[in-house]
Amino acid sequence: MKPRSVESLYSEILLLSDSERDILVNRIKKNSYHNSDIIAFTSNGKPMSNKDYLEQIKVGLQQIENGEVITDEELLKEMRTW
């Protein structure tokens, strides 16, 4: 399977309904390790535990619900500066 770009994944997540996003989060929770070992890294290279990772997902979904979003174009412009 060909890897998808960050832009592609972001666009796909934005198109999900609330119930589909809930299913996605539950799958992530189910498939994540249930200890404090490092399971992911931030874009800046900071290690994240399962707890940190799930908290970031929760924060992101809450921001979406609150309308704290940027356009696809703004995101792509921001990502090019990384």
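Structure notes:
- Compared with the direct C-alpha span, the chain from Asp52 to Asn66 gains 2.9 nm at full extension, assuming 0.36 nm per residue.
- Calculated P(r) of the chain - Cα pairs past 20 Å, %: 43
- GNM remark for the chain: springs join alpha carbons under 10 Å apart, and the peak mean-square fluctuation among Ile28, Ile39, Ile70 falls on Ile70.
- Of the residues Arg27, Arg80, the one with the fewest other Cβ atoms within 10 Å heads the list, and the complete ranking is Arg80, Arg27.
No lab work stands behind these numbers, since they all come straight from the coordinates. Quantities reported herein were computed from a predicted structural model and do not represent experimental measurements. No Cβ is skipped: glycine too gets one built from the backbone with ideal geometry, and neighbour counts run over all protein chains shown.
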